[in-house]
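Taking it in order: structure first as structure tokens, then the write-up.
The values are calculated or read from the model by the stated rules, or taken from the named source; none is laboratory data. None of these values were measured; they are calculated from a predicted model. Because the Cβ atoms are built from the backbone with ideal geometry, glycine has one as well, and the counts that use them run over all protein chains shown. Just the protein is used for accessible areas: all its heavy atoms, side chains included, with ligands, DNA and RNA removed. Shrake-Rupley method; radii C 1.70, N 1.55, O 1.52, S 1.80 Å.
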Amino acid sequence: MGVLYDYFLATDHATAVDQAIGPGGDWLSGTWPAEAGADWIDAKGLDPDVVLGQLVACAEDIPFADQQDTPELVWPEPPYPREEPSDPDSPWNTGLVLQQLPDRWRDILAGLPEDAVPAVAAQWYEIEEIDFADHLDAGTTVATFTALATRAQLAGAHLYCRCGV
């Protein structure tokens, strides 16, 4: 079993939780962003912390180690418990995590010129954490993320990632 990542836009944390987890954080409802009417993309194994962070670093043309922003945990509400929760109904036992991506990342991706996508994709293609079919596949994924970021920016919304195990 793998980890799946859905990226979508929402105007605030409450809306993001409703769209990705369930109304008011009710994870038992089994809500998915598409079912909740979210503008979203299915990014399969592209995690927000490392893989997407590296895309942003490629778009900025800086080393990933110099990337200072990180996604913010939205749900379950922090802090992460030090020990595994004994309550089977704890949100920490759901296998779901919702993160907000830094608005700076949204703006960098939204501002990436279309003619820069192939070069950024070629650089991103080389990272070891993902395995694209080829440079064109990486380019399509970069274009998909830049389009979502642009729609979020135009809507005055934030980007979120729903991670599910």
Exercise. Give me the pairs: first residue in the range 99-119 and under 13 Å from ALA157 (Cα atoms), second residue of a type in the set (A, V, I, L, M), beta-carbon distance under 6 Å, and six or more apart or on different chains, which are they?
Worked result: GLN100/VAL74; LEU101/LEU159; TRP105/VAL56; ARG106/ALA149; ARG106/ALA152; ARG106/LEU159; ALA110/ALA149
For this session: With respect to LEU148, determine if the residue is assigned to a helix (DSSP H, G or I), touching a strand residue (DSSP E or B) at 6+ places or on another chain (Cβ under 6 Å) and in contact (Cβ under 8 Å) with a residue 40 or more places away in the chain.
Result: yes
Seminar exercise, completed: If you go through SER86, SER90, the only one that is at pLDDT below 95 and open to solvent by less than 30 Å² (accessible area, probe 1.4 Å) is SER90
Exercise. For the range 133-165, how many residues meet the condition of being open to solvent by 20 Å² or more (accessible area, probe 1.4 Å) and either in contact with an Asp or Glu (Cβ under 6 Å, 6 or more places away or on another chain) or more than 18 Å from GLU60 (Cβ to Cβ) (or both)?
Worked result: 14
Problem set entry | the range 107-122: number of residues that are open to solvent by 30 Å² or more (accessible area, probe 1.4 Å) and assigned to a helix (DSSP H, G or I) | 7
Problem set entry | Neighbours by Cβ (under 8 Å, 6+ apart or cross-chain): first from the range 9-35, acidic (Asp, Glu); second at pLDDT below 80 | ASP18/GLY24; ASP18/THR31; ASP18/ALA36
Problem set entry | Filter result for the condition that a residue is open to solvent by 20 Å² or more (accessible area, probe 1.4 Å) and within 18 Å of LEU109 (Cβ to Cβ), over ASP49, ASP26 | ASP49
Exercise. Does any residue in the range 60-78 that is assigned to a loop (DSSP other than H, G, I, E, B) come within less than 8 Å, Cβ to Cβ, of a residue that is open to solvent by 80 Å² or more (accessible area, probe 1.4 Å) six or more places away or on a different chain, and which pairs are these?
Worked result: ASP69/ARG104
